[in-house]
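Below is one structure; the comments refer to it alone.
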Amino acid sequence: MSTSILALALDIAAGAISLAMVLCGWRLIRGPHVVDRLLAIDTLYLNAVALIVLLGIRLHTPILFEAALVVAMLGFVSTVALARYLTRGDAIE
Amino acid sequence: MTLHPLIEWLAASLLLVSAFFLLVGAVGLVRLPDFFMRLHAPTKASTLGVGGALLASMLVSAAEGRAGFAELLITLFVFVTAPVSANLMAQAALHLRISGTATEPGDAVPERAGPP
């Protein structure tokens, strides 16, 4: 299995996710309000988790899934902190 | 190592579906005209896309003979925290009085009724 269907699907999915990250970066630069940029950062974190998972499938290592878990937790915490900062003017009371 | 062809095709189709949903979420983030419309596209479609990629990863790792507990943990974490972060972003937008383009500028954000 030199050219397996799984490797082809991994290539196509990595390209599509990279295109999605470029679109999120466009919204991050362009975004008219600050909450648009916050939403773009949250979506970028989700896409990064998916890209790390694709790399873990390709390399057959279980180590990268803990990296994906750490990235997901950092994304959630940063989104919550920024949203709290925009709402209350203070991240941690 | 060679996977079973059925598992390989199933994982490949799951990966393609997840990439499609992630791309749809990003296109919706770019194309929709209003923040409250834009909030819909990534928070649902991208969550489903990440879930599909993790499901394919769990399938491949189970076919290779190791249990994917980390993938299951990431899936549960993403599915729990995505609505919470979307709710907090919507609260921030309501607090900042972001007006929607689909409604009149005067009544974009309705006045909240105070406590009785």
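The values are calculated or read from the model by the stated rules, or taken from the named source; none is laboratory data. Owing to the predicted nature of the structure, the values given are computational and were not obtained by experimental measurement. Don't worry about glycine lacking a Cβ; one is built from the backbone with ideal geometry, like all the others, and counts go over all protein chains shown.
Observations on the structure shown:
Per-residue answers, yes or no, for (1) of a type in the set (Ser, Thr, Tyr); (2) within 19 Å of residue A:26 (Cβ to Cβ); (3) at pLDDT below 90:
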residue	(1), (2), (3)
B:14	no, no, no
B:34	no, yes, yes
B:52	no, no, no
B:109	no, no, yes
B:112	no, no, yes
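- Residue within the range A:68-90 that is charged (D, E, K, R), assigned to a loop (DSSP other than H, G, I, E, B) and without any contact (Cβ under 8 Å) to a residue 40 or more places away in the chain present: yes
- Among the residues of the range A:46-55, those identified as surrounded by fewer than 24 Cβ atoms within 10 Å (Cβ to Cβ) and without any contact (Cβ under 8 Å) to a residue 24 or more places away in the chain are A:52, A:55.
- Qualifying positions in the range A:1-55 - acidic (Asp, Glu) and more than 7 Å from chain B (Cβ to nearest Cβ): A:11
- Residue check, residue B:25 at pLDDT 85 or above, touching a Lys or Arg at 6+ places or on another chain (Cβ under 8 Å) and buried (at least 23 other Cβ atoms within 10 Å of the Cβ): yes
- Where a residue in the range A:15-27 is part of a helix (DSSP H, G or I) and its partner, wherever it lies, is at pLDDT 95 or above and surrounded by 14 or more Cβ atoms within 10 Å (Cβ to Cβ), with Cβ under 6 Å and at least six apart: none
- Among the residues of the range A:21-42, the ones that are within 10 Å of the chain's Cα centre (by Cα) and farther than 15 Å from residue B:32 by Cα come to 3 in all.
- Residue A:6 touching a His at 6+ places or on another chain (Cβ under 8 Å), surrounded by 14 or more Cβ atoms within 10 Å (Cβ to Cβ) and not aromatic (Phe, Trp, Tyr): no
- Residue check, residue A:41 in contact (Cβ under 8 Å) with a residue 40 or more places away in the chain, of a type in the set (A, V, I, L, M), assigned to a helix (DSSP H, G or I) and over 19 Å from residue B:52 (Cα atoms): yes
- Filtered by the rule that a residue be of a type in the set (Val, Ile, Thr) and within 9 Å of chain A (Cβ to nearest Cβ), the range B:13-41 gives B:24, B:27, B:30.
- Note on the range A:63-77: residues that are surrounded by 17 or more Cβ atoms within 10 Å (Cβ to Cβ), facing chain B (nearest Cβ under 7 Å) and either touching a His at 6+ places or on another chain (Cβ under 6 Å) or farther than 29 Å from residue B:91 by Cβ (or both) total 1.
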